[in-house]
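Asks: My questions will all concern the structure given below.
The values are calculated or read from the model by the stated rules, or taken from the named source; none is laboratory data. All values reported here derive from a predicted model rather than from experimental measurement. Quick reminder, even Gly has a Cβ in these numbers, built from the backbone with ideal geometry, and neighbours come from all protein chains shown.
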Amino acid sequence: MRFFKVIIGLSIAVISMAILAFIATQTIPGFEISSYRTLFNTLTGRGIDSPSQQQINHLIAPEGFQVTLFADNIPQARILKITPTGGLLVSSPSKGTVFLLQDTNGDGHADLTTALVNNLNRPHGIDLYKEGGNHWLYIAETEAVGRIAADWQTGKTQGKYQRLITDIPSSKGHWTRTIQFGPDGWLYLTSGSSCNVCEEKDPKEPL
């Protein structure tokens with residue numbers, strides 16, 4: 001019975017993706033057959049090519065604003081976060097790295113890329129937290145949440161990366177983890193179910 005539930009769930013997901021892709025080709029300017037890769041990346045986290053300036057030009061910005069390409073050198077970029085000094089943090093699950101992008105000459109394009117933290121297990125969510133005089137970079141990996149101190153003036157980390165939470169269920173399908181500090185100072189974590197249609201075995205997995 002469980003096997004058939006899984007098959008039905010996967011079938012619904014594939015059909016839904018195909019329908020959404022078809023609608024997009026009919027309604028979104030510049031969305032072509034190759035754009036199916038974008039939907040595949042959304043579902044799986046696997047990579048697609050960085051958008052070209054021509055593709056970005058299809059985006060419509062409000063009056064007084066402009067959309068330009070800031071950087072195209074981060075493989076399968078996921079979550080973005082601005083540092084207190086204006087740098088851009090980017091998580092790259094496929095590389096197991098969180099990068100820092102900086103525009104040092106003010107031309108609107110990143111000219112300095114730093115790999116802040118390496119050897120992570122599919123890092124996705126990132127958030128910043130200041131405690132006392134320390135600035136912390138928190139990172140949500142598939143099975144853990146860790147942190148490392150950082151000096152945003154110099155753009156460098158301080159000390160070693162520490163995994164604080166290590167018992168997050170390892171979902172094969174929904175592997176992304178997003179974190180956010182609330183106004184109450186608590187750290188909130190999202191963790192998807194291990195499959196589309198199944199009975200969860202781990203009590204920490206959502207139903």
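Asks: Is there any pair linking a residue in region 188-204 that is of a type in the set (Phe, Trp, Tyr) to one that is modelled with pLDDT of 80 or more and surrounded by fewer than 16 Cβ atoms within 10 Å (Cβ to Cβ), with Cβ under 9 Å and at least six apart or on different chains, and which?
Replies: Pairs that qualify, where the first residue is of a type in the set (Phe, Trp, Tyr) and the partner is modelled with pLDDT of 80 or more and surrounded by fewer than 16 Cβ atoms within 10 Å (Cβ to Cβ), are TYR188/GLN180; TYR188/PHE181; TYR188/GLY182.
Asks: Can TYR138 be described as in a strand (DSSP E or B) and surrounded by fewer than 17 Cβ atoms within 10 Å (Cβ to Cβ)?
Replies: Judged against the criteria, TYR138 is not a match.
Asks: Looking at this structure, is GLU141 farther than 24 Å from ILE74 by Cα and free of Cβ contacts under 8 Å to residues at least 40 places away in the same chain?
Replies: no
Asks: Then there is this: Out of the residues in region 70-107 that are surrounded by 13 or more Cβ atoms within 10 Å (Cβ to Cβ) and on the phi > 0 side of the Ramachandran plot, which is modelled with the highest pLDDT?
Replies: GLY96
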